Amino acid sequence: MHPTDFTLRGAIEALNEGLVTSVELTEAHLRAIEALNPRINAFTTVTGEQALAQARASDARRKEGIAGPLEGVPLAIKDLFCTAGVRTTAGSRILGNFIPPYESTVSANLLRDGAVFLGKVNMDEFAMGSSNTTSAFGPVENPWSRANDPDTRLVPGGSSGGSAAAVAARLALGATATDTGGSIRQPAAFCGIAGIKPTYGRCSRYGIVAFASSLDQAGPVARTVEDCAILLRSMAGFDPKDSTSADVPVPDFAAACARGVKGLRIGVPQEYRLDGMAPEIEALWQQGLDWLRAEGAETVEISLPHTKYALPTYYIVAPAEASSNLARYDGVRFGLRVAEKGSDLKDLYERTRAAGFGAEVRRRIMIGTYVLSAGYYDAYYLKAQKVRTLIKRDFDAAFAGVDAIVTPATPSAAFGMDEKQDDPVTMYLNDVFTVPANLAGLPGLAVPAGLDGQGLPLGLQVIGRAFDEETVFAVGTAIEKAAGFDALPRLRAGAV
Amino acid sequence: MSLDTATIRRIASLARIRLEDEEVGRMQAELNGILGWIEQLQAVDTEGVEPMAGGGAVALRMREDVVTDGGIPDQVLANAPDRQGEYFGVPKVVE
């Protein structure tokens, strides 16, 4: 077996049995990155020497009988997580040369458990996007392509496009990602892999470059649901350095994968049946519900009446928080500075931010500034916060009668790199199924469930109660098993 | 409601983002497109509904009011575009 073809769990078992070393695994992935990254552009920074040093140290620990839960496993880290001594860009020119002196809590937890970091992966600038085309470091190519149109380069989704593409193309066994409105689940679905946005507060936000602080959550992407569960257990946990970190125990998520769905009540929200939705997505959704019923679950029609207001609510709340969070990029303390001779401080700020931020980030800061400005705060921001309460209440009411909710993950399969770029609102509609879980703070998992007519992966989404990722993993695993998804992308290690 | 060019310039100034004259029209069209779409929220009855400010159900906790960090000026200043001794360098602000 080629070392890049292991699942994460398979790699851990092979390492435990001495069938492979961390150095061998790491070298195989670094070679794959060297071969494929010039085309896919998933990695913005490859830390090859550091990765090999970590792998050697891991192999040495293992020899001494010390092995963490992720001992020797090569991973990719989204370039939104601060990594001590390694450039962290958030996909932006304004942070292009930023070298954090500290480690994010999530990445520190992975290192504590023995992981090896291959490098930093590409993303939409400041995690704002659904196509990975807003990165200052160039777009990422989806390793999948249409069967009847293989030359059209497709987007991997976003914002965690580099994470999803790297894992799908077998350039890493798993990756960290973040999700503010769908940025884990949508790229996972577009790239035919699994990804979970856990409950708000489950993973510490400390050291993750902030976008919208009441929505941002870190989570893993990997090629199986169980691999996501293994990674999440390491990433999660209470952290006093994040005031919104939840002080709750971290269960053995992987054990929950095998629970089965017998007797579970699965909610099917009628408002997620969109006019004009692709028939194959509707069909896949029904197929997923059939699979769950065959495993002993009961499906129940539910109503989440404020669903249609989730996206416009999000596009007030997220830009408002972003405009505040991104005020720190002032050309003074870190990052880019642009000034003319004779610039005063305001001119320095304005030139630095105009040159440092890309078009989508500037747009969202402008929207956020406007909806928070005097005279408009109540009409926009306060209104959105109230609608957010109603959206959360919809879920509270639904979860009184069901254990999990199953929906499509995205309204379409991956699209071409030059599509949907003309109108911001068209791009925003990608997140129609994922945004509500962020607004309500609930866990959401994307699991690959089938292919569309052009051979592109489609995913289903499982939404759970707050801090009940275990049920989400159980339902996701049941769908994964029934789907038997074994299709492979054209671009992948060992195939070209 | 539609934003005029003067409002676009005012927002850009509040956001401290330099906007060139030729960029104003495009930004105006894009923001008006987004705000027009957002306008549908006005149809929702939110009478008596509490605004949801945070992302989680857990109440924020208190901590001891003590210093937990500090004494690391070199780390703090390591990424500064202009460092002068133990200070960030900025253009002259007082004549």
Go through segment A:22-71 and report how many residues are more than 17 Å from A:Leu8 (Cα to Cα) and either acidic (Asp, Glu) or not in a helix (DSSP H, G or I) (or both).
12
Identify, by number, the condition in (1) open to solvent by 10 Å² or more (accessible area, probe 1.4 Å); (2) out of contact with any His (no Cβ under 7 Å at 6 or more places or on another chain); (3) in contact (Cβ under 8 Å) with a residue 24 or more places away in the chain that A:Gly494 doesn't meet.
(2)
Given the options B:Val66, B:Val44, B:Val93, B:Val49, name the one that is loosely packed, with under 13 Cβ neighbours inside 10 Å, within 7 Å of chain A (Cβ to nearest Cβ) and over 21 Å from A:Asp423 (Cα atoms).
B:Val93
Report, by residue number, each residue of segment A:380-402 that is surrounded by 15 or more Cβ atoms within 10 Å (Cβ to Cβ) and either of a type in the set (Gly, Ala, Ser) or away from chain B (no Cβ under 11 Å) (or both).
A:Ala384, A:Asp394, A:Phe395, A:Ala398, A:Phe399, A:Val402
Does A:Leu264 satisfy being within 14 Å of chain B (Cβ to nearest Cβ), at negative phi and in contact (Cβ under 8 Å) with a residue 40 or more places away in the chain?
no
Does any residue of segment B:20-27 turn out to be more than 9 Å from chain A (Cβ to nearest Cβ) and open to solvent by less than 50 Å² (accessible area, probe 1.4 Å)?
yes
State yes or no: is B:Gly71 part of a loop (DSSP other than H, G, I, E, B) and closer than 19 Å to A:Lys392 by Cα?
no
Residues in segment A:206-215: is at least one more than 13 Å from the chain's Cα centre (by Cα), open to solvent by less than 10 Å² (accessible area, probe 1.4 Å) and away from every other protein chain (no Cβ under 14 Å)?
no
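Return yes or no: is A:Asp252 among the charged types (D, E, K, R) and touching a helix residue (DSSP H, G or I) at 6+ places or on another chain (Cβ under 9 Å)?
Details: among the charged types (D, E, K, R): yes; touching a helix residue (DSSP H, G or I) at 6+ places or on another chain (Cβ under 9 Å): yes.
The answer is yes for A:Asp252.
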Evaluate segment A:36-50: report whether one residue or more is over 26 Å from the mean Cα position of the chain (by Cα), closer than 24 Å to A:Leu232 by Cα and open to solvent by less than 60 Å² (accessible area, probe 1.4 Å).
no
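Yes/no matrix, rows are residues, columns are (1) within 7 Å of chain B (Cβ to nearest Cβ); (2) in contact with a His (Cβ under 8 Å, 6 or more places away or on another chain); (3) in contact (Cβ under 8 Å) with a residue 12 or more places away in the chain:
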{"residue": "A:Ala318", "(1), (2), (3)": "no, no, yes"}
{"residue": "A:Tyr329", "(1), (2), (3)": "no, no, yes"}
{"residue": "A:Val338", "(1), (2), (3)": "no, no, yes"}
{"residue": "A:Arg351", "(1), (2), (3)": "yes, no, yes"}
{"residue": "A:Arg362", "(1), (2), (3)": "yes, no, no"}
{"residue": "A:Val371", "(1), (2), (3)": "no, no, yes"}
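Which is closer than 29 Å to A:Glu321 by Cβ and without any contact (Cβ under 8 Å) to a residue 40 or more places away in the chain, of A:Gly158, A:Gly91, A:Gly138?
On the way: A:Gly91 fails: without any contact (Cβ under 8 Å) to a residue 40 or more places away in the chain; A:Gly138 fails: without any contact (Cβ under 8 Å) to a residue 40 or more places away in the chain.
After applying the criteria, what remains is A:Gly158.
Right, A:Thr407: open to solvent by less than 50 Å² (accessible area, probe 1.4 Å), more than 9 Å from chain B (Cβ to nearest Cβ) and hydroxyl-bearing (Ser, Thr, Tyr) or not? If you could, list the steps in order and put the result at the bottom.
Working: open to solvent by less than 50 Å² (accessible area, probe 1.4 Å): yes; more than 9 Å from chain B (Cβ to nearest Cβ): yes; hydroxyl-bearing (Ser, Thr, Tyr): yes.
The answer is yes for A:Thr407.
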Residues of segment A:288-305 satisfying the condition of being assigned to a helix (DSSP H, G or I) and crowded, with 16+ Cβ neighbours inside 10 Å:
A:Gly288, A:Leu289, A:Trp291, A:Leu292
Could you go through segment A:444-461 and let me know if any residue there is open to solvent by less than 20 Å² (accessible area, probe 1.4 Å), more than 14 Å from chain B (Cβ to nearest Cβ) and of a type in the set (Val, Ile, Thr).
yes
Mind checking whether some residue in segment A:234-241 is farther than 17 Å from B:Ala59 by Cα, open to solvent by less than 50 Å² (accessible area, probe 1.4 Å) and not in a loop (DSSP other than H, G, I, E, B)?
yes
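So which residues in segment A:243-258 are in a loop (DSSP other than H, G, I, E, B) and open to solvent by less than 10 Å² (accessible area, probe 1.4 Å), if there are any at all? Even if it seems obvious, please write down each step before you answer.
Going through segment A:243-258, the residues in a loop (DSSP other than H, G, I, E, B) turn out to be A:243-252, A:258.
A:Ser245, A:Ala246 - these are the residues of segment A:243-258 that are in a loop (DSSP other than H, G, I, E, B) and open to solvent by less than 10 Å² (accessible area, probe 1.4 Å).
The values are calculated or read from the model by the stated rules, or taken from the named source; none is laboratory data. Please read all numbers here as calculations on a predicted model, not as lab measurements. As a convention, Cβ positions derive from the backbone with ideal geometry for all residues, glycine included, and neighbour counts pool all protein chains shown. Heads up: the accessible areas ignore ligands, DNA and RNA and are worked out on the full protein's heavy atoms, side chains in. Shrake-Rupley method; radii C 1.70, N 1.55, O 1.52, S 1.80 Å.
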